[in-house]
1. For Thr87 and Ala60 in the same chain, what is the full-extension length gain: residue separation times 0.36 nm, less their Cα-Cα distance, in nm?
2. Would you tally the net charge around Thr168, using a Cβ to Cβ cut-off of less than 12 Å, leaving Thr168 out, and scoring K and R as +1, D and E as -1?
3. Can you tell me what percent of all Cα-Cα pairs in the range 93-177 are more than 22 Å apart?
4. Using a/c under 1.5 as the rounded threshold, could you call the range 161-282 rounded, prolate or oblate? The axes a ≥ b ≥ c are square roots of the C-alpha gyration tensor eigenvalues, and prolate needs a/b larger than b/c, oblate otherwise.
5. What value, in deg cm²/dmol to 500, does the helix sum -39500 (n - 2.57) over DSSP H runs of n ≥ 4 give at 222 nm once divided by the residues of the chain?
6. Could you list which residues have their amide H under 5 Å from that of Leu123, counting only those 5 or more apart in sequence or on another chain, with H placed in the peptide plane?
7. Which aspartates and glutamates have a Cα less than 16 Å from the Cα of Lys95, not counting those fewer than 8 places away in the same chain?
8. Taking the Cα atoms only, what angle lies between the long axis of helix 240-264 and the longest principal axis of the chain, rounded to 10 degrees?
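The values are calculated or read from the model by the stated rules, or taken from the named source; none is laboratory data. Small disclaimer: the values here were computed from a predicted structure and weren't measured. Reconstructed Cβ throughout: ideal geometry from the backbone, glycine too, with neighbour counts over all protein chains shown. Remember, those area values only see protein heavy atoms, side chains included, never the ligands or the DNA or RNA. Shrake-Rupley method; radii C 1.70, N 1.55, O 1.52, S 1.80 Å.
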Amino acid sequence: MIKPDSIRPVLLADIGGTNLRFALGEGPSQPLRADSIRRYRAADHGSLGEAAARYVDELAVQPHAGVFAVAGRVDAGEVKITNLPWTVSAQAVAKQLSLASVRLVNDFAAQSRCLPLLTSDDLEVIGSVPAPSLAGGAARTVAVAGPGTGLGVGALLMRDGRAIELETEGGHLSFAPGSDEEVAVLARLRARFGRVSNERVVCGNGLYNLYVALCEIAGETPRAQNQEAVSLAATDGGDAHAVRAVELFCEIFGAICGDLVFAFGAWDGVYLTGGLLEPMLPWIRRGGFRRRFEDKGRFSPTMAKIPTLAITHPHTGLLGAAAIALDG
C-alpha cells in the first residue's frame with residue numbers, strides 16, 4: 001500500500017491524449033481529495049513532468065509518492081503515451097518531482113479499478129438489465145471501454161473480495177464490420193490507413209473517419225471539417241451524413257462492447273466511460289448501441305441478460321489511481 005506520510009499526500013494523475021488531470025490522495029480516509037483536482041491541456045506542456053511540476057507548484061505541496069494512470073502500454077516503468085509525443089519514465093519523473101516513487105499504470109486499468117468505489121448515483125443503466133453488485137466475495141468479471149482521443153479498454157476481476165484490474169490495449173483490436181454499410185466503410189478506411197483497428201472508428205478522429213467515408217460512399221464532398229463540426233451537424237440535424245456517422249459510431253461501439261464480453265468472459269457486465277461518453281449518451285440511449293451489443297447470433301439470448309452501464313462520475317481515472325495507490 002502506498003500511504004501518505006504524516007504530512008505529505010500521494011500525487012495522483014490521469015493522463016490522456018488531450019487532458020491531464022491531477023489530484024492528491026490522503027489514505028483510506030480521503031483517497032481522492034475533491035478540492036485538489038486540476039485539469040490542464042496536454043498541448044500546453046512539453047512533458048508530463050513539466051505538467052506535474054506545475055500542479056505541485058500551484059498547490060504548494062510536496063507529495064511523497066505518485067500513481068499516474070497513463071494512456072499507453074506500460075513496460076518496465078516506462079510508457080510511450082498514445083496520441084502524445086511523450087515517452088515517460090517513472091524513475092525520471094520521480095527524480096524531477098523529488099518523490100520517493102512513481103508508479104505508472106495503464107489508464108484503463110485505473111478506469112477498471114475504480115468500479116467498486118462507484119455508487120448507483122455514478123451509473124446509468126443502458127438498456128433494462130440492472131447493475132451487478134461488485135461488493136462482497138462473489139466472483140465477478142466485467143469489462144470497461146471508452147472512446148476519447150483514442151479507444152480505451154480494460155477489465156476487472158473480483159475474486160474473494162479482491163479487485164484485480166487488467167491492463168490491455170484492446171482498443172487496437174481489428175475492426176470487424178457487421179453490415180454491408182460497414183464493409184463499404186472499411187474498404188475506404190483500408191485505402192487510407194491499411195490496417196483498420198477499432199480505434200480508427202470509435203474515438204474522436206474515428207467519428208470524423210466514419211463521416212468522411214459515408215460522404216465518399218454517397219459521392220458527396222464532406223461539409224464538416226472535423227469531429228466537433230460533425231457532432232454539431234448531427235445535433236442540428238442539418239447534415240444527414242453527420243447524423244448517420246454518429247449513429248454508426250454508437251452502433252459499432254455497441255458491437256465492440258459485446259465482443260469484449262467474449263474476449264474477457266465479462267458475463268457480469270460492461271461499463272462505458274471516456275471523454276466522448278457524455279456527448280454520445282443521448283445517441284447511445286436511442287437503442288442502436290444496445291441492439292448491436294446483443295446481436296451476437298446464437299449468443300444473443302445470453303447477451304440480452306448482460307448489463308451495460310454508463311459511468312457518470314467525472315473523475316474515474318483519478319479515483320482508480322487512488323484505489324491502486326491504496327492497494328499497493
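1. Values: separation 27, 0.36 × 27 = 9.72 nm, distance 2.64 nm.
Answer, rounded to one decimal: 7.1 nm.
2. On the way: positive: Arg73; negative: Asp107, Glu165, Glu167, Glu169.
Neighbour charge sum, excluding Thr168 itself: -3.
3. Everything past 22 Å amounts to 41 percent.
4. Values: a/c = 2.36, a/b = 1.63, b/c = 1.45.
Prolate, because a/c is 1.5 or more and a/b exceeds b/c.
5. On the way: 11 runs with 121 residues, N = 328.
Helices in the chain give a 222 nm mean residue ellipticity of -11000 deg cm²/dmol.
6. Answer set, sorted by chain and number: Thr312.
7. Hits, sequence-local ones excluded: Glu50, Asp57, Glu78.
8. Approximately 60 degrees, to the nearest 10.
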